[in-house]
Structure formats: C-alpha cells, structure tokens
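Rule-based calculations on the coordinates, nothing more; no lab input. All figures in this text were calculated on a predicted structure; none of them were measured in a lab. Heads up, the Cβs are rebuilt from the backbone with ideal geometry, glycines too, and the neighbour counts pull from every protein chain shown.
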Amino acid sequence: MTFKSALLYYLKLGFIGFGGPAGQISMMHQELLEKRRWISEHRFLHALNYTMLLPGPQAQQLLGWY
C-alpha cells in the first residue's frame, strides 16, 4: 500500500459517506479486504471490535486505526 493510494481511497470514502457509519464500514470491508487485500480479515475485525468500545463515530475511528 502506498501513501498516495491510501490517501486517494480515504478521500473517496470520506466524500461518499453513503449509508452512515454502517455503510462506510461495509465499504471499507469490501474495498480493503476483498478488492485491494491491504489487510486481513482478522486485523479488520480486531480493529472493528476495538472501535466499538470507544465513544464517537465508529467509521471514522476505524479509518484512524490504519
């Protein structure tokens, strides 16, 4: 993963924002795991579980995890 490709993807995700946090998390799962294969399923679920404990918007915290 290059910095430029990650930046472009996260900008796209931020501008779309379709479906609220649940929609963004679903889009991240599809793009990061299935299409680009940047991370593993285990790491994604670990980050998702961790963000459920934190207050605030879950999708934005999940983006910050990476």
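By how many nm would the segment from Met1 to Ser40 grow when fully extended, if each residue of separation counts as 0.36 nm and the alpha-carbon distance is taken off?
Once the chain is fully extended between Met1 and Ser40, it gains 12.7 nm.
Compute, for the chain, the length of the dipole vector about the Cα centre, with Cβ point charges of +1 (Lys, Arg) and -1 (Asp, Glu) only. Units Debye, rounded to 20.
200 debye
Out of Leu11, Met27, Gln58, whose Cα points farthest toward the positive end of the dipole of the chain (charges: +1 Lys, Arg; -1 Asp, Glu; placed on Cβ)?
Checking the options against the dipole of the chain, the answer is Leu11.
Could you sort the peptides 2-9, 38-45, 23-30 by per-residue average Cβ neighbour count (10 Å cutoff), highest mean leading?
Going from most to least packed, we get 23-30, 38-45, 2-9.
Starting from the exponent 0.38 and prefactor 2.2 Å, build the expected Rg for the chain from its residue count and divide its actual Cα Rg by it.
Its radius of gyration relative to the 2.2 N^0.38 Å reference: 1.04.
Just subtract the alpha-carbon distance of Lys12 and Leu54 from 0.36 nm times their residue separation and send over the number in nm, one decimal.
Using 0.36 nm per residue and subtracting the Cα-Cα distance, I get 12.7 nm.
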